[in-house]
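**Q** Shown below is the structure under consideration.
The values are calculated or read from the model by the stated rules, or taken from the named source; none is laboratory data. Predicted model only: the values in this text are computed from it and were never measured. Here Cβ is always computed from backbone atoms with ideal geometry, including for glycine, and neighbour counts include all displayed protein chains. Accessible surface is based on the protein model in full, side chains and every heavy atom, while ligands, DNA and RNA are left aside. Shrake-Rupley method; radii C 1.70, N 1.55, O 1.52, S 1.80 Å.
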Amino acid sequence: MLLKIAWRNLWRNRRRTQLTMAGMIFACAMLVFSLGYYDGMLWNMIENATSRENGHLCLSRPGYLDSPSLNDTISQSEAEKLLAEAAVVCKGICPRINVFALLSCGNAAESRTQPVQLLGVDYSAELKSSRIAQDVQNGEFLSGQNGEILLGQGLARKLRAVPGSEIVFFSSAADGSMASALFRVRGIFDSGDNLRDSGLAIVNLPEIAALMALNNQIHSLRVFLASPMQAQEVSRRLNGRTPQIEARDWRSIFPQLAELLNIWLNVQIFTSAVYYAALALITFNTMYMAFLERRHEFGVMQAIGLTRARLAALILSESVMMASVSGLIGTLLGTLANLALYYHPVSLNYWIDNISWGGTQLKAEIFCVPSVMSAAMPLITMVLLGIAVAALPTFRLYRLKPVEALRES
(Lines give C-alpha, C1' and ligand atoms only; values in the text may rest on other atoms or scores of the structure.)
Protein backbone atom coordinates (compact mmCIF):
# COMPACT_ATOMS: atom_id res chain seq x y z
CA MET A 1 0.00 0.00 0.00
CA LEU A 2 2.88 2.36 0.79
CA LEU A 3 4.29 2.01 -2.74
CA LYS A 4 0.84 2.45 -4.25
CA ILE A 5 0.25 5.67 -2.32
CA ALA A 6 3.75 6.91 -3.20
CA TRP A 7 3.12 6.33 -6.91
CA ARG A 8 -0.20 8.19 -6.74
CA ASN A 9 1.39 11.08 -4.89
CA LEU A 10 3.94 11.51 -7.68
CA TRP A 11 1.17 12.19 -10.17
CA ARG A 12 -0.79 14.64 -8.06
CA ASN A 13 1.15 17.38 -9.84
CA ARG A 14 1.47 15.63 -13.18
CA ARG A 15 3.23 18.35 -15.14
CA ARG A 16 5.98 18.86 -12.55
CA THR A 17 6.62 15.13 -12.25
CA GLN A 18 6.70 14.69 -16.02
CA LEU A 19 9.18 17.55 -16.49
CA THR A 20 11.41 16.26 -13.68
CA MET A 21 11.37 12.69 -14.99
CA ALA A 22 12.03 13.91 -18.54
CA GLY A 23 15.14 15.73 -17.29
CA MET A 24 16.28 12.65 -15.34
CA ILE A 25 15.69 10.34 -18.32
CA PHE A 26 17.58 12.65 -20.68
CA ALA A 27 20.50 13.05 -18.28
CA CYS A 28 20.78 9.31 -17.65
CA ALA A 29 20.53 8.45 -21.36
CA MET A 30 23.16 11.07 -22.26
CA LEU A 31 25.49 9.80 -19.53
CA VAL A 32 25.20 6.19 -20.74
CA PHE A 33 25.79 7.37 -24.30
CA SER A 34 28.77 9.56 -23.28
CA LEU A 35 30.46 6.74 -21.38
CA GLY A 36 29.91 4.40 -24.32
CA TYR A 37 31.31 7.01 -26.72
CA TYR A 38 34.40 7.58 -24.57
CA ASP A 39 34.94 3.82 -24.34
CA GLY A 40 34.55 3.59 -28.12
CA MET A 41 37.17 6.30 -28.64
CA LEU A 42 39.63 4.54 -26.34
CA TRP A 43 38.87 1.11 -27.79
CA ASN A 44 39.42 2.42 -31.31
CA MET A 45 42.82 3.81 -30.36
CA ILE A 46 43.89 0.57 -28.65
CA GLU A 47 42.69 -1.60 -31.52
CA ASN A 48 44.33 0.60 -34.13
CA ALA A 49 47.63 0.58 -32.21
CA THR A 50 47.68 -3.19 -31.62
CA SER A 51 45.88 -4.76 -34.56
CA ARG A 52 48.53 -4.01 -37.17
CA GLU A 53 52.27 -4.61 -36.73
CA ASN A 54 52.49 -4.15 -32.97
CA GLY A 55 50.16 -6.79 -31.54
CA HIS A 56 48.99 -7.00 -27.94
CA LEU A 57 52.27 -8.53 -26.78
CA CYS A 58 55.82 -8.45 -28.13
CA LEU A 59 58.44 -11.13 -27.45
CA SER A 60 61.99 -10.00 -28.26
CA ARG A 61 65.50 -9.67 -26.90
CA PRO A 62 65.62 -7.60 -23.68
CA GLY A 63 65.89 -3.93 -24.64
CA TYR A 64 65.33 -4.52 -28.35
CA LEU A 65 62.28 -2.25 -28.60
CA ASP A 66 64.15 0.62 -26.94
CA SER A 67 67.25 0.28 -29.12
CA PRO A 68 66.66 -1.94 -32.18
CA SER A 69 69.70 -3.73 -33.60
CA LEU A 70 69.91 -6.03 -36.59
CA ASN A 71 71.76 -8.69 -34.58
CA ASP A 72 69.38 -8.74 -31.60
CA THR A 73 67.37 -11.74 -32.73
CA ILE A 74 65.47 -14.57 -31.09
CA SER A 75 64.42 -18.03 -32.18
CA GLN A 76 60.79 -18.26 -33.21
CA SER A 77 60.55 -21.84 -31.95
CA GLU A 78 61.87 -20.83 -28.51
CA ALA A 79 59.38 -17.96 -28.30
CA GLU A 80 56.47 -20.24 -29.24
CA LYS A 81 57.70 -22.83 -26.71
CA LEU A 82 57.70 -20.12 -24.02
CA LEU A 83 54.09 -19.25 -24.83
CA ALA A 84 53.10 -22.92 -24.65
CA GLU A 85 54.86 -23.45 -21.30
CA ALA A 86 53.08 -20.43 -19.80
CA ALA A 87 49.72 -21.73 -21.13
CA VAL A 88 49.06 -18.52 -23.07
CA VAL A 89 45.94 -18.76 -25.22
CA CYS A 90 46.71 -16.80 -28.39
CA LYS A 91 44.35 -15.63 -31.11
CA GLY A 92 47.36 -15.47 -33.40
CA ILE A 93 51.15 -15.06 -33.52
CA CYS A 94 53.09 -13.15 -36.17
CA PRO A 95 56.89 -13.31 -36.53
CA ARG A 96 58.52 -10.07 -37.60
CA ILE A 97 61.89 -8.88 -38.94
CA ASN A 98 62.78 -5.18 -38.89
CA VAL A 99 65.45 -3.88 -41.27
CA PHE A 100 66.56 -0.35 -42.09
CA ALA A 101 67.49 0.00 -45.74
CA LEU A 102 67.52 2.16 -48.85
CA LEU A 103 64.88 1.74 -51.55
CA SER A 104 65.33 3.15 -55.02
CA CYS A 105 62.85 3.51 -57.85
CA GLY A 106 63.19 4.83 -61.39
CA ASN A 107 65.77 4.70 -64.14
CA ALA A 108 69.30 6.07 -64.00
CA ALA A 109 68.21 9.53 -65.13
CA GLU A 110 65.34 9.84 -62.62
CA SER A 111 66.27 7.58 -59.74
CA ARG A 112 64.59 8.37 -56.43
CA THR A 113 66.00 6.88 -53.20
CA GLN A 114 64.50 6.87 -49.72
CA PRO A 115 65.63 5.46 -46.34
CA VAL A 116 62.93 3.14 -45.02
CA GLN A 117 62.01 0.66 -42.34
CA LEU A 118 61.49 -2.70 -43.99
CA LEU A 119 59.12 -5.05 -42.19
CA GLY A 120 59.39 -8.76 -42.91
CA VAL A 121 56.12 -10.63 -42.26
CA ASP A 122 54.62 -14.08 -42.66
CA TYR A 123 51.78 -13.30 -45.05
CA SER A 124 49.60 -16.26 -43.99
CA ALA A 125 49.91 -15.39 -40.27
CA GLU A 126 49.09 -11.74 -41.00
CA LEU A 127 45.95 -12.67 -42.90
CA LYS A 128 44.73 -14.70 -39.90
CA SER A 129 45.67 -12.34 -37.06
CA SER A 130 46.42 -8.73 -37.99
CA ARG A 131 44.78 -6.00 -40.05
CA ILE A 132 47.79 -5.17 -42.23
CA ALA A 133 46.17 -6.73 -45.29
CA GLN A 134 43.05 -4.59 -44.83
CA ASP A 135 45.12 -1.43 -45.25
CA VAL A 136 46.06 -2.23 -48.85
CA GLN A 137 44.24 0.39 -50.93
CA ASN A 138 45.84 -0.11 -54.32
CA GLY A 139 46.96 -3.50 -55.63
CA GLU A 140 47.03 -6.69 -53.56
CA PHE A 141 48.53 -8.05 -50.35
CA LEU A 142 51.58 -10.35 -50.32
CA SER A 143 51.14 -13.86 -51.67
CA GLY A 144 54.33 -15.40 -50.28
CA GLN A 145 56.33 -15.36 -53.53
CA ASN A 146 59.81 -13.86 -53.76
CA GLY A 147 60.24 -10.34 -55.11
CA GLU A 148 57.01 -8.86 -53.66
CA ILE A 149 56.91 -5.58 -51.72
CA LEU A 150 54.21 -3.34 -50.26
CA LEU A 151 54.80 0.39 -49.92
CA GLY A 152 53.16 2.90 -47.60
CA GLN A 153 51.14 5.50 -49.43
CA GLY A 154 53.49 8.34 -48.43
CA LEU A 155 56.57 6.30 -49.38
CA ALA A 156 55.07 5.36 -52.74
CA ARG A 157 54.44 9.05 -53.40
CA LYS A 158 58.06 9.92 -52.60
CA LEU A 159 59.37 7.14 -54.84
CA ARG A 160 56.69 7.82 -57.48
CA ALA A 161 55.95 4.11 -57.46
CA VAL A 162 52.75 2.33 -58.42
CA PRO A 163 51.79 -1.36 -58.37
CA GLY A 164 54.11 -3.07 -60.82
CA SER A 165 57.02 -0.64 -60.35
CA GLU A 166 60.50 -2.10 -59.77
CA ILE A 167 62.19 -1.27 -56.46
CA VAL A 168 65.91 -1.75 -55.79
CA PHE A 169 66.82 -2.71 -52.21
CA PHE A 170 70.18 -1.96 -50.52
CA SER A 171 71.26 -2.71 -46.97
CA SER A 172 74.00 -4.16 -44.80
CA ALA A 173 73.43 -7.79 -43.78
CA ALA A 174 74.01 -9.24 -40.29
CA ASP A 175 77.28 -10.87 -41.43
CA GLY A 176 78.69 -7.57 -42.71
CA SER A 177 78.08 -8.24 -46.40
CA MET A 178 76.05 -6.00 -48.68
CA ALA A 179 72.49 -7.12 -49.33
CA SER A 180 70.69 -6.10 -52.49
CA ALA A 181 67.63 -7.31 -54.32
CA LEU A 182 65.06 -6.30 -56.89
CA PHE A 183 61.41 -6.13 -55.77
CA ARG A 184 58.23 -5.40 -57.65
CA VAL A 185 55.48 -3.37 -55.96
CA ARG A 186 52.48 -5.59 -55.35
CA GLY A 187 50.38 -3.10 -53.43
CA ILE A 188 50.21 0.26 -51.65
CA PHE A 189 48.76 0.50 -48.15
CA ASP A 190 47.25 3.35 -46.13
CA SER A 191 46.96 2.83 -42.37
CA GLY A 192 45.78 6.39 -41.67
CA ASP A 193 49.08 7.26 -39.97
CA ASN A 194 50.83 9.48 -42.52
CA LEU A 195 54.14 9.56 -40.65
CA ARG A 196 54.27 5.75 -40.47
CA ASP A 197 53.25 5.23 -44.08
CA SER A 198 55.92 7.65 -45.34
CA GLY A 199 58.78 5.39 -44.25
CA LEU A 200 57.51 1.80 -44.13
CA ALA A 201 57.65 -1.06 -46.62
CA ILE A 202 56.58 -4.68 -46.13
CA VAL A 203 58.11 -7.81 -47.66
CA ASN A 204 57.91 -11.57 -47.15
CA LEU A 205 59.81 -12.72 -44.06
CA PRO A 206 61.68 -15.75 -45.48
CA GLU A 207 63.09 -13.67 -48.34
CA ILE A 208 64.34 -10.79 -46.19
CA ALA A 209 65.76 -13.25 -43.62
CA ALA A 210 67.84 -14.87 -46.34
CA LEU A 211 68.97 -11.52 -47.73
CA MET A 212 70.04 -10.24 -44.31
CA ALA A 213 71.76 -13.51 -43.31
CA LEU A 214 69.63 -13.92 -40.17
CA ASN A 215 69.73 -17.73 -40.27
CA ASN A 216 66.05 -18.40 -39.51
CA GLN A 217 66.05 -15.88 -36.68
CA ILE A 218 63.44 -13.15 -36.07
CA HIS A 219 63.53 -9.84 -34.25
CA SER A 220 60.16 -10.14 -32.53
CA LEU A 221 57.14 -12.36 -32.20
CA ARG A 222 53.92 -10.37 -32.03
CA VAL A 223 51.17 -12.05 -30.05
CA PHE A 224 47.46 -11.31 -30.54
CA LEU A 225 45.20 -12.16 -27.59
CA ALA A 226 41.44 -12.42 -27.29
CA SER A 227 41.36 -9.05 -25.49
CA PRO A 228 43.99 -6.27 -25.22
CA MET A 229 43.26 -6.06 -21.48
CA GLN A 230 44.83 -9.51 -20.97
CA ALA A 231 48.25 -8.37 -22.21
CA GLN A 232 49.60 -6.94 -18.95
CA GLU A 233 48.87 -10.10 -16.97
CA VAL A 234 50.30 -12.36 -19.69
CA SER A 235 53.53 -10.32 -19.92
CA ARG A 236 54.01 -10.62 -16.14
CA ARG A 237 53.57 -14.39 -16.46
CA LEU A 238 56.15 -14.68 -19.24
CA ASN A 239 58.88 -12.38 -17.96
CA GLY A 240 61.59 -14.09 -15.92
CA ARG A 241 61.07 -17.53 -17.45
CA THR A 242 64.07 -17.11 -19.76
CA PRO A 243 66.69 -14.32 -19.77
CA GLN A 244 66.96 -14.35 -23.58
CA ILE A 245 63.36 -13.30 -24.22
CA GLU A 246 61.49 -10.27 -22.88
CA ALA A 247 57.71 -9.91 -23.03
CA ARG A 248 56.30 -6.40 -23.32
CA ASP A 249 52.61 -5.56 -23.54
CA TRP A 250 51.12 -2.74 -25.57
CA ARG A 251 50.98 -0.44 -22.53
CA SER A 252 54.78 -0.28 -22.34
CA ILE A 253 55.06 0.09 -26.13
CA PHE A 254 52.56 2.99 -26.15
CA PRO A 255 53.07 4.82 -22.82
CA GLN A 256 50.86 7.75 -23.89
CA LEU A 257 47.96 5.39 -24.52
CA ALA A 258 48.57 3.58 -21.23
CA GLU A 259 48.55 6.89 -19.36
CA LEU A 260 45.24 7.79 -20.97
CA LEU A 261 43.79 4.46 -19.89
CA ASN A 262 45.00 4.96 -16.32
CA ILE A 263 43.10 8.24 -15.96
CA TRP A 264 40.01 6.92 -17.75
CA LEU A 265 38.17 6.09 -14.52
CA ASN A 266 38.71 9.65 -13.30
CA VAL A 267 37.29 10.95 -16.56
CA GLN A 268 34.19 8.78 -16.11
CA ILE A 269 33.73 9.93 -12.51
CA PHE A 270 34.11 13.58 -13.52
CA THR A 271 31.62 13.19 -16.38
CA SER A 272 29.10 11.52 -14.06
CA ALA A 273 29.57 14.24 -11.44
CA VAL A 274 28.81 16.99 -13.96
CA TYR A 275 25.61 15.31 -15.10
CA TYR A 276 24.35 14.42 -11.65
CA ALA A 277 25.22 17.75 -10.03
CA ALA A 278 22.72 19.47 -12.32
CA LEU A 279 20.26 16.62 -12.03
CA ALA A 280 20.39 16.64 -8.21
CA LEU A 281 19.29 20.28 -8.15
CA ILE A 282 16.30 19.56 -10.40
CA THR A 283 15.21 16.49 -8.44
CA PHE A 284 15.77 18.13 -5.07
CA ASN A 285 13.62 21.07 -6.10
CA THR A 286 10.77 18.74 -7.05
CA MET A 287 10.89 16.74 -3.83
CA TYR A 288 11.24 19.77 -1.57
CA MET A 289 8.39 21.65 -3.26
CA ALA A 290 6.21 18.56 -2.88
CA PHE A 291 7.06 18.43 0.83
CA LEU A 292 6.20 22.12 1.38
CA GLU A 293 2.88 21.73 -0.42
CA ARG A 294 1.94 18.79 1.82
CA ARG A 295 2.95 20.11 5.24
CA HIS A 296 -0.70 20.39 6.26
CA GLU A 297 -1.35 16.89 5.00
CA PHE A 298 1.58 15.49 6.95
CA GLY A 299 0.36 17.25 10.08
CA VAL A 300 -3.06 15.60 9.71
CA MET A 301 -1.46 12.17 9.22
CA GLN A 302 0.66 12.56 12.33
CA ALA A 303 -2.36 13.78 14.31
CA ILE A 304 -4.36 10.65 13.48
CA GLY A 305 -1.46 8.40 14.56
CA LEU A 306 0.77 7.80 11.52
CA THR A 307 4.36 7.65 12.70
CA ARG A 308 7.13 9.87 11.38
CA ALA A 309 9.01 6.73 10.25
CA ARG A 310 6.11 5.73 7.98
CA LEU A 311 5.88 9.24 6.56
CA ALA A 312 9.65 9.29 5.97
CA ALA A 313 9.37 5.92 4.20
CA LEU A 314 6.59 7.40 2.02
CA ILE A 315 8.78 10.36 0.94
CA LEU A 316 11.75 8.10 0.35
CA SER A 317 9.61 5.71 -1.72
CA GLU A 318 8.38 8.56 -3.92
CA SER A 319 11.91 9.80 -4.58
CA VAL A 320 13.39 6.34 -5.22
CA MET A 321 10.51 5.31 -7.49
CA MET A 322 10.83 8.44 -9.61
CA ALA A 323 14.62 8.03 -9.85
CA SER A 324 14.45 4.28 -10.54
CA VAL A 325 11.83 4.52 -13.30
CA SER A 326 13.66 7.43 -14.91
CA GLY A 327 16.99 5.63 -14.56
CA LEU A 328 15.68 2.43 -16.16
CA ILE A 329 14.17 4.29 -19.12
CA GLY A 330 17.26 6.48 -19.55
CA THR A 331 19.62 3.50 -19.31
CA LEU A 332 17.59 1.60 -21.89
CA LEU A 333 17.59 4.52 -24.33
CA GLY A 334 21.32 5.17 -23.85
CA THR A 335 22.19 1.48 -24.27
CA LEU A 336 20.11 1.22 -27.44
CA ALA A 337 21.95 4.24 -28.86
CA ASN A 338 25.32 2.65 -27.94
CA LEU A 339 24.34 -0.64 -29.56
CA ALA A 340 23.21 1.11 -32.73
CA LEU A 341 26.49 3.04 -32.99
CA TYR A 342 28.53 -0.05 -32.13
CA TYR A 343 27.21 -1.96 -35.15
CA HIS A 344 26.72 1.11 -37.39
CA PRO A 345 29.33 3.82 -36.59
CA VAL A 346 28.75 7.24 -38.13
CA SER A 347 31.77 8.41 -40.13
CA LEU A 348 32.83 12.07 -39.82
CA ASN A 349 35.54 11.93 -42.50
CA TYR A 350 33.50 14.26 -44.68
CA TRP A 351 34.22 17.08 -42.20
CA ILE A 352 37.47 16.07 -40.42
CA ASP A 353 40.37 13.66 -40.97
CA ASN A 354 41.65 10.95 -38.65
CA ILE A 355 43.96 12.22 -35.90
CA SER A 356 47.35 10.53 -35.32
CA TRP A 357 48.56 10.60 -31.72
CA GLY A 358 50.95 8.58 -29.55
CA GLY A 359 51.75 6.01 -32.23
CA THR A 360 48.10 5.36 -32.99
CA GLN A 361 45.20 7.24 -34.52
CA LEU A 362 41.76 8.42 -33.52
CA LYS A 363 39.16 7.70 -36.18
CA ALA A 364 36.83 10.52 -37.16
CA GLU A 365 33.63 8.65 -36.40
CA ILE A 366 30.94 8.32 -33.76
CA PHE A 367 31.54 4.83 -32.42
CA CYS A 368 30.27 3.56 -29.07
CA VAL A 369 31.15 0.46 -27.07
CA PRO A 370 28.31 -0.71 -24.79
CA SER A 371 29.42 -2.22 -21.50
CA VAL A 372 27.92 -3.35 -18.23
CA MET A 373 29.76 -0.60 -16.37
CA SER A 374 28.58 2.23 -18.63
CA ALA A 375 24.98 1.03 -18.18
CA ALA A 376 25.04 -0.02 -14.51
CA MET A 377 26.92 2.96 -13.06
CA PRO A 378 24.40 5.64 -14.17
CA LEU A 379 21.46 3.49 -13.06
CA ILE A 380 22.91 2.78 -9.61
CA THR A 381 23.91 6.42 -9.21
CA MET A 382 20.39 7.48 -10.16
CA VAL A 383 18.89 5.31 -7.40
CA LEU A 384 21.40 6.65 -4.87
CA LEU A 385 20.52 10.15 -6.03
CA GLY A 386 16.86 9.41 -5.32
CA ILE A 387 17.78 8.48 -1.75
CA ALA A 388 20.02 11.54 -1.32
CA VAL A 389 17.48 14.15 -2.49
CA ALA A 390 14.92 12.76 -0.03
CA ALA A 391 17.27 13.38 2.90
CA LEU A 392 16.36 17.04 3.54
CA PRO A 393 12.56 16.62 3.25
CA THR A 394 12.84 13.63 5.59
CA PHE A 395 14.89 15.67 8.07
CA ARG A 396 12.32 18.50 7.94
CA LEU A 397 9.56 15.98 8.46
CA TYR A 398 11.11 14.72 11.70
CA ARG A 399 11.22 18.32 12.97
CA LEU A 400 7.66 19.03 11.86
CA LYS A 401 5.23 19.72 14.70
CA PRO A 402 1.65 18.62 13.90
CA VAL A 403 0.11 21.62 15.69
CA GLU A 404 2.08 24.11 13.57
CA ALA A 405 1.39 22.20 10.39
CA LEU A 406 -2.36 22.08 11.06
CA ARG A 407 -2.47 25.85 11.39
CA GLU A 408 -1.36 26.20 7.78
CA SER A 409 -4.18 26.39 5.27
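**Q** So for the chain, taking the charge dipole from beta-carbon charges (+1 Lys/Arg, -1 Asp/Glu), which of Thr242, Leu59, Ala390 sits furthest toward the positive end?
**A** Going by the Cα projections, it comes out as Ala390.
**Q** State the extension gain, in nm to one decimal, for the chain segment bounded by Asn13 and Phe395, taking 0.36 nm per residue of separation less the distance between their alpha-carbons.
**A** 135.3 nm is the gain from fully extending Asn13 to Phe395.
**Q** Gaussian network model of the chain, Cα springs within a sub-10 Å range: biggest mean-square fluctuation belongs to which of Phe169, Phe395, Phe284?
**A** Ranking Phe169, Phe395, Phe284 by mean-square fluctuation puts Phe395 first.
**Q** Would you be so kind as to identify which of Leu279, Gly176, Leu118 lies farthest towards the positive end of the dipole of the chain, taking Lys and Arg as +1 and Asp and Glu as -1 on Cβ and the Cα centre as origin?
**A** It is Leu279, whose Cα lies furthest towards the positive end.
**Q** Under a point-charge model restricted to the Cβ atoms of Lys and Arg (+1) and Asp and Glu (-1), what is the dipole moment magnitude of the chain relative to its Cα centre, in debye to the nearest 20?
**A** In debye, rounded to 20, the chain gives about 2400.
**Q** Something else: Once you sort the root eigenvalues of the Cα gyration tensor of region 163-290 as a ≥ b ≥ c, which label holds: rounded (a/c under 1.5), prolate (a/b larger than b/c) or oblate (the other case)?
**A** Prolate is the answer for region 163-290, as a/c is 1.5 or above and a/b outweighs b/c.
**Q** Continuing with this model, one more query. Can you give me the solvent accessible area of Met287 with a 1.4 Å probe, rounded to the nearest 10 Å²?
**A** Around 10 Å² of this residue is reachable by solvent.
**Q** Now for a different question. I want to check the label-to-label distance for Tyr343 and Ala273. Put each point 7 Å from Cα in the C-beta direction and report it in nm to one decimal.
**A** 3.7
**Q** So for Trp11, Trp250, what's the accessible-area order with a 1.4 Å probe, most first?
**A** In descending accessible area the options line up as Trp11, Trp250.
**Q** In debye, nearest 20, what is the charge dipole magnitude of region 54-184 about its Cα centre with +1 on Lys and Arg Cβ and -1 on Asp and Glu Cβ, if you could check?
**A** For region 54-184, the charge dipole is close to 380 debye.
**Q** Also: Assigning unit charges at the beta carbon (Lys, Arg +1; Asp, Glu -1) and nothing else, what dipole magnitude in debye, to the nearest 20, does region 190-259 show about its Cα centre?
**A** About 380 debye.
**Q** Express the C-alpha Rg of the chain as a ratio against the empirical globular expectation 2.2 N^0.38 Å, rounded to two decimals.
**A** That ratio works out to 1.45.
**Q** Expressed as a rounded percentage, what relative contact order does the chain have, with Cα pairs under 8 Å and six or more residues apart?
**A** RCO, the chain: 26 percent.
**Q** What does the charge add up to near Gly187, with Lys and Arg as +1, Asp and Glu as -1, over the other residues with Cβ less than 11 Å from its Cβ?
**A** Charge balance near Gly187 sits at -2.
**Q** So if I take the centroid of the Cα atoms in region 200-257 and the same for region 58-73, what is the distance between those two points in Å?
**A** If you average the Cα positions of each part, the centres end up 9 Å apart.
**Q** Within a Cβ distance under 12 Å of Pro62, other residues only, what is the Lys/Arg minus Asp/Glu net charge?
**A** Computed value for this residue: -1.
**Q** Can you pull the one-decimal nm distance between simple spin-label points at Leu2 and Ser69, each 7 Å off the Cα toward Cβ?
**A** Rounded to a tenth, the inter-label distance reads 7.5 nm.
**Q** Next up: Normalised by the number of residues in region 197-259, what is the relative contact order in percent for Cα pairs under 8 Å and 6+ residues apart?
**A** Answer for region 197-259 is 17 percent.
**Q** Can you work out the Karplus-derived ³J(HN,Hα) for every residue in region 316-332? Use 6.51 cos²θ - 1.76 cosθ + 1.60 with θ = phi - 60°, whole Hz, and x for glycine or proline.
**A** 4, 4, 4, 5, 5, 5, 5, 5, 5, 5, 5, x, 5, 5, x, 5, 4
**Q** Calculate for the chain the 222 nm mean residue ellipticity that helices alone would give, adding -39,500 (n - 2.57) per DSSP H run of length 4 or more and normalising by residue count, nearest 500 deg cm²/dmol.
**A** Theoretical 222 nm ellipticity from helices: -16000 deg cm²/dmol.
**Q** For the pair Ile366/Thr242, report the inter-label distance in nm, with labels modelled 7 Å from Cα in the Cβ direction.
**A** Output for this residue pair reads 5.0 nm.
**Q** When only alpha-carbon atoms count, how far does region 124-195 stretch along each of its three principal axes, as whole angstroms with the largest first?
**A** So the three principal-axis extents are 35, 29, 23 Å.
**Q** Determine, for the chain, the count of lysine pairs separated by eight or more sequence positions (or lying on different chains) whose alpha-carbon distance falls under 29 Å.
**A** Eligible lysine pairs with Cα atoms under 29 Å apart amount to 7.
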